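Notes to accompany the following structure.
The values are calculated or read from the model by the stated rules, or taken from the named source; none is laboratory data. Given the structure is predicted, the values throughout are model-derived calculations rather than measurements. As a convention, Cβ positions derive from the backbone with ideal geometry for all residues, glycine included, and neighbour counts pool all protein chains shown.
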Amino acid sequence: MQLLMPEIRYALRQLRKNAGVTATAIVALALGIGLSATIFSVFYNGVVNPFPYRDARRLTVISVQDEKDTRNRSMFHLDEVAAFRRDNHTFDDIVAYGSWEVAYRRDSISIPVHGCAMTPNAMDFWGVPPLLGRGPTYADAKPGASLVVLLNYAFWKSTFHGDRNVLGATMLLDRQPRTVIGVMPPRFAMYGADVYIPIDWNRPEPSFAQAMDSSDPFFFFATGIIKKGITLQTAAADLQATAQHNYQLHREDYPEHFRMNTRPMNDVIVADFKKTLFYLIAAVVLLLLISSSNVASLLLTQHTARSRDTALRTALGASRARLVRQFFLESLLLGLAGCVAGCLLAFLGLRFVTLTPAMSLPGEADISLNLPALLFAVGLAFLTTLLFGLFPALIVTRNALWKHLQTTGVNVAAGSGSGIRAGLVVFQVALSMLLLVFAGLMMRSFLAITQVNAGIRTENLWTAEVDLPPHQYPSIASQRQFFDRTLAGISHLPGATHAAVSLGIPLLGAAGSEDITIPGKPHDKHWSTSFDAVSEDYFHTLGLPLLHGRWMTSAEFASGARFALVNRAFAKSYFPGDDPIGRQIKFNAFDNAPPAIPHNAFFQIVGVVEDFKNGGLQRETSPEAFIPYTFAPLNFHVLLMRTSVNPALLVNNVREIVNSIDSNVLLSHTETVDDLVDKDTYMKPRYRVISFGICAAIGLGLSLIGLFGLLAYTVALQTHDLGVRIALGASLGNILALVLRKGMLLVCIGIVIGLIASTACVRLLQSQLEGISAFDFLAFSTAAISLLATGFIACIVPARRATKVNPLEALRYE
């Protein structure tokens with residue numbers, strides 16, 4: 001330490017002496033390390049280790065896979081899951097849980113809360129004890145037992161303001177009083193539920209009609225803890241025999257040819273975002289390479305400028321190992337400073353990440369700068385220092401001493417490591433080109449999505465889901481009476497122009513029938529068709545024009561007459577060259593529905609309306625039919641409202657109208673169609689654009705700093721040479737072109753290499769792109785032009801400085 005401390009002090013003096021280079025290097029390292037640590041934290045805490053549950057890595061989701069197509073059924077009847085649990089040999093335990101919207105009666109109104117019914121083994125299965133109180137037991141789930149409820153931590157904080165005296169309180173849920181027995185800790189967020197309710201394994205299996213009349217969940221997810229040493233394939237094969245027995249009991253829920261499927265739970269939950277995260281990791285690695293090579297170039301330039309000092313120290317007896325150690329200490333201190341700054345940047349970045357709704361990560365994930373992330377950042381700092389700090393030191397100290405001692409000038413240093421510095425700049429430009437192409441493709445894809453014509457006006461179009469209590473509205477007449485009063489009340493609100501009822505949310509998909517029957521139109525393939533059950537003002541609310549035929553009348557809507565309107569895609573697909581008006585259609589799916597749904601019912605087509613995107617903006621419009629919502633009593637509907645003002649101003653008024661008619665009716669998920677489309681379609685592409693754009697911008701900035709530094713240093717070292725050229729008659733234009741040519745040559749070489757690398761890599765991005773090809777010409781050309789333009793800007797300042805060299809001063813420079 002006595003030998004090391006003076007060298008550390010000397011290293012600190014050198015860093016302080018070259019404050020500009022030091023600050024630039026620290027910023028470059030901080031950006032590379034900080035962004036890498038941020039993405040690593042998200043990946044480790046959100047994908048690799050997101051769950052706080054017992055044996056989290058062995059949690060396995062059970063599903064049924066149709067062998068003829070990609071359809072996958074992941075929900076089961078409760079008796080099916082009970083059979084899996086009882087008869088398997090490959091799982092330590094299996095739990096069942098299902099969700100539904102629970103009506104929480106509070107202050108004379110019903111508030112929708114997200115409920116989760118779970119089997120009584122759930123507490124032992126998940127292995128997470130309650131923060132307060134206790135969890136449900138088998139006794140709590142038995143018929144006749146006192147009704148209990150367990151609270152989610154966030155719900156407890158928001159609704160009960162963290163009151164610890166909530167234990168023993170009574171909550172009226174779905175008109176049943178339940179006693180609060182516990183509160184779960186913050187990271188227990190199973191299924192994103194607000195409340196957890198136990199359900200008995202031996203609950204009698206309800207019929208479909210009984211399930212429609214009940215608010216309890218009908219289907220359940222099945223998750224198991226796979227035994228140690230058992231593969232997923234073995235577990236799936238073990239469940240197959242039980243599934244064959246379940247098939248005999250629930251034939252309607254199984255495809256003809258199926259196999260059981262088992263997947264790790266974190267893969268199921270983060271499958272969609274995992275790919276995006278891998279691409280982000282690749283982008284951050286490229287950025288880290290750019291920042292590291294930038295630091296290497298800066299250090300090589302700085303060490304080369306000190307070549308005479310190095311030669312003198314060697315002549316006075318310093319060994320090469322001592323000099324390398326000195327340079328390495330300076331690099332190490334830079335690395336540590338960059339690590340500290342990078343950790344601060346990562347901390348701030350994670351604060352931003354946790355507020356980003358596009359991060360499709362489990363609610364249980366603790367996205368923070370924890371010990372693994374800190375160790376990763378420190379390790380990255382040392383690795384960066386070792387690779388890109390030691391390398392310049394070895395280059396500088398290998399040069400011959402006599403070259404630096406025999407002259408007092410600096411021109412001898414001009415060639416020392418110049419090829420390596422130029423190579424590092426080319427490397428940075430090439431990587432920047434790759435990042436710019438990636439970001440450009442993401443931007444082009446996002447713009448392609450936003451330019452899709454939805455077919456309807458989405459501005460000021462508001463939606464809400466309406467859950468009618470089953471026992472209060474058992475008939476079509478009672479439901480029609482409720483909605484007639486609701487729609488009439490909304491129509492009198494100032495600012496509300498239209499209001500309607502539907503079965504599905506516009507643009508996000510509707511119910512469907514796998515096949516339809518059209519008399520006189522035999523077909524050997526299924527004619528899959530969407531359908532929606534709507535009220536009279538639905539088409540005016542969406543702004544859909546009538547193309548042919550007529551609208552249904554108020555009397556036909558009121559009576560539930562079996563008439564229908566179809567969209568242009570329906571008429572084009574099933575009546576090519578024919579007039580669909582007056583023809584009959586039957587939705588075959590109705591024949592397998594409960595008795596309340598009309599069986600063998602034919603609907604007469606009376607009109608054709610314009611198409612709109614009925615399955616999401618990224619899909620082609622599918623054939624769709626619209627029938628009166630009064631065709632059958634259904635407990636779930638969607639309320640639509642078109643306004644001339646901001647819909648948010650009228651939401652409370654709509655709630656008051658619904659509450660005045662029936663306070664037991666739930667009005668939930670109140671959002672505008674624009675907000676819904678943003679979350680469903682735009683949010684993730686926008687997140688990718690921003691993420692890759694930030695990486696590309698930082699990479700481009702670092703590359704230009706490296707290019708500027710190289711040319712500025714070259715101009716400084718060639719002051720004498722430039723002065724001689726000017727003294728011999730070289731024009732200022734010649735000098736400007738000389739420096740620009742050298743800089744732009746490096747940029748062009750880097751762009752060419754980057755284009756080649758991009759062409760080889762972009763095919764991997766195709767799954768993340770919508771509406772464009774991975775080899776989009778505009779994205780490639782824009783990236784190249786951007787690099788050329790910014791590269792020219794980085795070159796012009798040193799080039800103009802070269803033209804201002806005074807020949808007399810330059811000739812005296814030696």
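Data for the structure
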| read-out | value |
| --- | --- |
| Among the residues listed as LEU702, LEU667, LEU711, the single one being touching a strand residue (DSSP E or B) at 6+ places or on another chain (Cβ under 7 Å) and either surrounded by 21 or more Cβ atoms within 10 Å (Cβ to Cβ) or at negative phi (or both) | LEU667 |
| Tally, over segment 590-609, of residues that are in contact with a Gly (Cβ under 8 Å, 6 or more places away or on another chain) and either outside the structural domain of LEU503 (by TED's automatic domain parsing) or crowded, with 17+ Cβ neighbours inside 10 Å (or both) | 4 |
| Qualifying residue in segment 727-738 (condition: over 30 Å from LEU299 (Cβ atoms), under 33 Å from the mean Cα position of the chain (by Cα) and either polar (S, T, N, Q) or at pLDDT below 75 (or both)) | no |
| Neighbours by Cβ (under 6 Å, 6+ apart or cross-chain): first from segment 585-604, modelled with pLDDT under 80; second among the aromatic types (Phe, Trp, Tyr) | PRO594/PHE208 |
| Selected residue [outside the structural domain of PHE84 (by TED's automatic domain parsing) and in contact with a strand residue (DSSP E or B) (Cβ under 7 Å, 6 or more places away or on another chain)] from THR262, THR276, THR170, THR179 | THR262 |
| Any pair with Cβ under 9 angstrom, 6 or more apart, that starts in segment 524-543 at a residue that is without any contact (Cβ under 8 Å) to a residue 24 or more places away in the chain and surrounded by fewer than 21 Cβ atoms within 10 Å (Cβ to Cβ) and ends at one that is outside any loop (DSSP other than H, G, I, E, B) and not polar (S, T, N, Q) | HIS526/ILE516 |
| ASP124, sole failed condition from (1) out of contact with any helix residue (DSSP H, G or I) (no Cβ under 8 Å at 6 or more places or on another chain); (2) closer than 14 Å to ILE197 by Cβ; (3) at pLDDT 90 or above | (2) |
| Test: residue in segment 15-23 that is of a type in the set (Lys, Arg), in the same structural domain as ASP309 (by TED's automatic domain parsing), free of Cβ contacts under 8 Å to residues at least 40 places away in the same chain and under 26 Å from LEU345 (Cα atoms) | yes |
| First in segment 347-360 and not assigned by TED's automatic domain parsing to the domain that holds GLY32, second anywhere and at pLDDT 80 or above and of a type in the set (A, V, I, L, M, F, W, C), Cβ under 8 Å, 6 or more apart | none |
| Within segment 616-734, helices (runs of 4 or more DSSP H) holding 1 or more residues that are aliphatic (A, V, I, L, M) and either farther than 30 Å from ILE796 by Cα or in the same structural domain as GLU514 (by TED's automatic domain parsing) (or both) | 651-661, 673-677, 683-717 |
| Options SER731, SER703, SER663; residue that is without any contact (Cβ under 8 Å) to a residue 40 or more places away in the chain and of a type in the set (S, T, N, Q) | SER731 |
| Any hit, segment 468-476, residues being more than 23 Å from TRP100 (Cα to Cα) and hydroxyl-bearing (Ser, Thr, Tyr) | no |
| Among (1) buried (at least 19 other Cβ atoms within 10 Å of the Cβ); (2) in contact (Cβ under 8 Å) with a residue 60 or more places away in the chain, the one test that GLY743 misses | (2) |
| Residue within segment 48-68 that is in a loop (DSSP other than H, G, I, E, B), modelled with pLDDT under 80 and surrounded by fewer than 18 Cβ atoms within 10 Å (Cβ to Cβ) present | yes |
| Some residue of segment 99-110 being out of contact with any Phe, Trp or Tyr (no Cβ under 9 Å at 6 or more places or on another chain), crowded, with 17+ Cβ neighbours inside 10 Å and of a type in the set (Gly, Ala, Ser) | yes |
| Odd one out for VAL425, checked against (1) crowded, with 24+ Cβ neighbours inside 10 Å; (2) of a type in the set (A, V, I, L, M); (3) within 30 Å of SER491 (Cβ to Cβ) | (3) |
| For VAL426: the one exception among (1) at pLDDT 90 or above; (2) over 28 Å from ASN614 (Cβ atoms) | (1) |
| Of residues in segment 544-589 being out of contact with any strand residue (DSSP E or B) (no Cβ under 6 Å at 6 or more places or on another chain) and among the aliphatic types (A, V, I, L, M), the one surrounded by the most Cβ atoms within 10 Å (Cβ to Cβ) | ALA569 |
| Checking ALA533 against (1) in contact with a Leu (Cβ under 7 Å, 6 or more places away or on another chain); (2) modelled with pLDDT under 90, the condition it does not meet | (2) |
| Filter result (within 23 Å of ARG421 (Cβ to Cβ) and either without any contact (Cβ under 8 Å) to a residue 12 or more places away in the chain or not in a helix (DSSP H, G or I) (or both)) within segment 753-788 | ILE756 |
| Complete set of residues in segment 125-151 that are hydroxyl-bearing (Ser, Thr, Tyr) and surrounded by fewer than 16 Cβ atoms within 10 Å (Cβ to Cβ) | TYR138, SER146 |
| Residue among LEU461, LEU435 that alone is in contact with a Cys (Cβ under 8 Å, 6 or more places away or on another chain) and outside the structural domain of GLY616 (by TED's automatic domain parsing) | LEU435 |
| Candidate set from segment 77-100 (those that are hydrophobic (A, V, I, L, M, F, W, C) and assigned to a strand (DSSP E or B)); member that is nearest to the chain's Cα centre (by Cα) | TRP100 |
| Of residues in segment 163-202 being touching a Leu at 6+ places or on another chain (Cβ under 7 Å) and among the basic types (Lys, Arg), the one farthest from ASP467 (Cα to Cα) | ARG164 |
| Residue count for segment 223-277, restricted to those that are among the charged types (D, E, K, R) and either over 30 Å from LEU35 (Cα atoms) or touching a Cys at 6+ places or on another chain (Cβ under 6 Å) (or both) | 9 |
